[in-house]
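Taking it in order: structure first as structure tokens, then the write-up.
The values are calculated or read from the model by the stated rules, or taken from the named source; none is laboratory data. These figures come from a predicted structure and were not determined experimentally. Note that we place each Cβ from the backbone using ideal geometry, even for glycine, and neighbour counts take in every protein chain shown. When the accessible area is computed, the model is the full protein with side chains, heavy atoms only, and any ligands, DNA or RNA have been set aside. Shrake-Rupley method; radii C 1.70, N 1.55, O 1.52, S 1.80 Å.
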Amino acid sequence: MLKRPFNFGPLTLPSNIFCAPLAGCSDLPFRRLTTAYRPGLIYCEMVKMDALVRHDPSTYRLLDYETDMHPIGAQICGSKPQFAGKSAKIVENLGFDVVDLNCGCPVDKVTKDGSGSAMLKTPELIGEIISNMIAAVKIPVTVKIRAGWDEGQINAVQITEIAEKAGATAICIHGRTREQGYKGAANWDWIRACKAVAKKILVIGNGDLFDASSVYRMFEKTGCDAVLISRGTFGQPWIIGDVYQGAPLRTPLDFRDALLFHIEQVMSYHNDRKAAMDLRRIGCWYLKKGRGTRALRESLNKAQTIEEIRAFILDYPWHETDFSSPEPVEAEVLI
Ligand SMILES: Cc1cc2nc3c(=O)[nH]c(=O)nc-3n(C[C@H](O)[C@H](O)[C@H](O)COP(=O)(O)O)c2cc1C
């Protein structure tokens, strides 16, 4: 259930409602919007251990944050124990409050060297890497996994026990397999099974949390200690506030204003080309939730410049849209 505040190893966090690492999405502008609602913890996009160790500037930029984003976590991805301690230490020295190990990324380019969700195939290596991270830092170490590689190889419970033995503060379980990618429903039974064997390690539930009521259901069905909201933050940065206080009725203009604010944040941080590319996708996050927004979505997809994007949004007849009963959106479409 919802806890405010929430004890997390040596830390006291504002709550047990966390915001996920989202590669290509949870950049600094995105985090400016979500941290306004005071999540218990927010993670940056995953970064590769070896890139951190060789001080790659674009990797460091993914870890940009502002003081009011604390408590904040960084997530590292890699399968080489010799990089684990060094990269965790770099994260700690950058001022992060938590360091997480990614064992869930399904992308071939990541799994081909045994990293991300490929780590699910080598549970003992996960234990070794966590131990190296813990030996190198004082901040809490967490790990994020999927339920298993595929339906035939579900091993989240075994990995929970290994992570606990290694001394991780928490384990986050995404209730899908690697084979599933983001398709189909997340199976929360696997999260409940992990919670059932956890003695000391905190269990964070993840998968299909798209509104406040699904968050409450996740607590109820799994008994998890905390939740991690992922795609549920797209186009509704207020979801954390909704979990705390209940969801107020929102008008089309609330969505328009949030989108315009998001645009300002993106423009203040990224160059125009990158901003224009990101904003097509970001625009769709907000607009997918309303009926009568199709024409605007199509216009945003064609827009070449920020000025065009802004003009399309400002000139749109928002009073003709309806965000009170959105068309059902398939979860995977939100990517
Ligand atoms: C675009 C995108 C990027 C993601 N990037 C990361 C990442 O960097 N690290 C990670 O652990 N999980 C990442 N994930 C997985 C999510 O954090 C989460 O586990 C998954 O989306 C399931 O939760 P949901 O069904 O509530 O979205 C990403 C997911 C998406 C859709």
Quiz item: Do we have residue 159 as modelled with pLDDT of 95 or more, farther than 25 Å from residue 12 by Cβ and in the same structural domain as residue 52 (by TED's automatic domain parsing) here?
Solution: yes
Quiz item: Which is more than 23 Å from residue 70 (Cα to Cα), of a type in the set (A, V, I, L, M) and open to solvent by 60 Å² or more (accessible area, probe 1.4 Å), of 147, 185?
Solution: 185
Practice problem: Kindly provide the set of residues from the stretch 133-144 that are open to solvent by 10 Å² or more (accessible area, probe 1.4 Å) and under 20 Å from residue 43 (Cβ atoms), ordered by number. | Solution: 134, 136, 137, 138, 139, 144
Quiz item: Listed residues 268, 299; which is surrounded by fewer than 21 Cβ atoms within 10 Å (Cβ to Cβ), outside the structural domain of residue 29 (by TED's automatic domain parsing) and modelled with pLDDT of 95 or more?
Solution: 268
Quiz prompt | Answer residue from the stretch 100-125, given it is surrounded by 24 or more Cβ atoms within 10 Å (Cβ to Cβ), closer than 21 Å to residue 151 by Cα and among the hydrophobic types (A, V, I, L, M, F, W, C) and is nearest to the chain's Cα centre (by Cα) among those | solution = 103
Practice problem: Collect the residues in the stretch 192-223 that are open to solvent by less than 10 Å² (accessible area, probe 1.4 Å) and without any contact (Cβ under 8 Å) to a residue 40 or more places away in the chain, keeping them in residue-number order. | Solution: 194, 205, 207, 209, 214, 218, 222
Self-check item: Subset tally (residues that are away from the ligand (no atom under 13 Å from the Cβ) and aliphatic (A, V, I, L, M)) for the stretch 183-235
Solution: 9
Exercise. Take the stretch 236-264 and flag every residue that is free of Cβ contacts under 8 Å to residues at least 60 places away in the same chain and open to solvent by less than 10 Å² (accessible area, probe 1.4 Å).
Key: 259, 263
Quiz item: Given the residues 276, 311, which is the only one that is surrounded by 19 or more Cβ atoms within 10 Å (Cβ to Cβ), farther than 30 Å from residue 172 by Cα and not assigned by TED's automatic domain parsing to the domain that holds residue 160?
Solution: 276
Quiz item: Got a sec? Which strands (runs of 3 or more DSSP E) wholly within the stretch 1-99 have at least 1 residues that are in the same structural domain as residue 122 (by TED's automatic domain parsing), open to solvent by less than 10 Å² (accessible area, probe 1.4 Å) and within 16 Å of the ligand (Cβ to nearest atom)?
Solution: 17-19, 41-48, 72-77
